[in-house]
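Everything below concerns the one structure shown next.
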Amino acid sequence: MTVSMAQVGADVAMVLAPCYYRGRMSSAALIHHYTKVADLSPIPVVLYNVPANTGLDLPVDTVVTLSQHPNIIGIKDSGGDVTRIGLMIHKTRRQDFQVLAGSAGFLLASYAVGAVGGVCALANVLGAQVCQLERLCLTGQWEDAQKLQLRLIEPNTAVTRRFGIPGLKKAMDWLGYYGGPCRAPLQELSPEEEEELRLDFTNNGWL
């Protein structure tokens, strides 16, 4: 798949942890898998850790080992454990390896411990605001960054953990983008869910 993506112009492949047989996904198995992918990929690989969806949390020591591979350049960590993010940053500091926050809900905290950026679902809806949070963090304007971060937490939770893709698509429609219908098996939000989603945005001044 990474070869196919490279052929159509991708610059980097973000590779989800294998998880279907997660009971057998030992550190050795994960290191073997990612090493083989990175060896054969014509483009750089970013590890993708999203335990809420996979039920598997890439062990920090596994990430540290993989960070030494010349074609593995970073990780998107969506777990939300800032202590873990900080530990990965600390243990890979001598490698050419970038740690990215996987959610806008803990973007400020991730920058505070040394993350270099984020890959955030909320940026599909509030892209300018997420980029503004980045600028505030990078320029040391922590008080303003904190105020903005607090206003992003509820909308971020709403379009990720709470309502997921249907919530994200609905919010995109409200804010002038095209979210469109959900693909099966996902269902559209109920009227009650839609109202709850709207409140998460209006109570924080985004609608």
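The values are calculated or read from the model by the stated rules, or taken from the named source; none is laboratory data. Because the structure is predicted, anything quoted here is derived from the model rather than measured. Glycine also receives a Cβ, built like all others from the backbone with ideal geometry; neighbour counts cover every protein chain displayed. Accessible surface areas use protein heavy atoms only, side chains included; no ligands, DNA or RNA. Shrake-Rupley method; radii C 1.70, N 1.55, O 1.52, S 1.80 Å.
Of everything in the range 3-24, what is at pLDDT 95 or above and either closer than 20 Å to residue 63 by Cβ or not in a helix (DSSP H, G or I) (or both)? Give them in sequence order.
Matches in the range 3-24: 8, 9, 10, 11, 12, 13, 14, 15, 16.
Condition first: assigned to a loop (DSSP other than H, G, I, E, B), closer than 21 Å to residue 119 by Cα, without any contact (Cβ under 8 Å) to a residue 12 or more places away in the chain and of a type in the set (Gly, Ala, Ser). Can you find one or more residues in the range 26-34 that meet it?
no
Out of all the residues in the range 64-85, is one or more in contact with a helix residue (DSSP H, G or I) (Cβ under 9 Å, 6 or more places away or on another chain), in contact (Cβ under 8 Å) with a residue 60 or more places away in the chain and open to solvent by 60 Å² or more (accessible area, probe 1.4 Å)?
no
If you go through the range 76-90 one residue at a time, how many are under 13 Å from residue 118 (Cα atoms) and in a loop (DSSP other than H, G, I, E, B)?
Result for the range 76-90: 3.
Going by what's in this entry, would residue 62 be described as in contact with a Cys (Cβ under 9 Å, 6 or more places away or on another chain) and among the hydroxyl-bearing types (Ser, Thr, Tyr)?
no
Counting only residues that are surrounded by fewer than 22 Cβ atoms within 10 Å (Cβ to Cβ), part of a loop (DSSP other than H, G, I, E, B) and not acidic (Asp, Glu), how many does the range 93-109 have?
Count: 3.
Pairs only if they're at least six apart or on different chains, beta carbon under 7 angstrom, first in the range 179-198 and open to solvent by 70 Å² or more (accessible area, probe 1.4 Å), second assigned to a helix (DSSP H, G or I) and not aliphatic (A, V, I, L, M); list them, first residue then second.
186/166; 187/166; 188/166
Considering only the range 30-53, how many residues are aliphatic (A, V, I, L, M) and open to solvent by 30 Å² or more (accessible area, probe 1.4 Å)?
So the answer is 4.
Taking the criterion of being surrounded by 15 or more Cβ atoms within 10 Å (Cβ to Cβ) and of a type in the set (Lys, Arg), would at least one residue in the range 146-157 satisfy it?
Checked the range 146-157: at least one residue is surrounded by 15 or more Cβ atoms within 10 Å (Cβ to Cβ) and of a type in the set (Lys, Arg).
Taking the range 144-177 as the search range and keeping residues that are assigned to a loop (DSSP other than H, G, I, E, B) and under 21 Å from the mean Cα position of the chain (by Cα), which one is farthest from residue 201 (Cα to Cα)?
177
Those residues that are open to solvent by 90 Å² or more (accessible area, probe 1.4 Å) and either in contact with a strand residue (DSSP E or B) (Cβ under 6 Å, 6 or more places away or on another chain) or at pLDDT 95 or above (or both), I need them from the range 158-178; list them, please.
162, 177, 178
Among the residues of the range 110-133, which ones are under 25 Å from residue 198 (Cα atoms), open to solvent by 30 Å² or more (accessible area, probe 1.4 Å) and touching a Leu at 6+ places or on another chain (Cβ under 9 Å)?
118, 119, 121, 124, 129, 132
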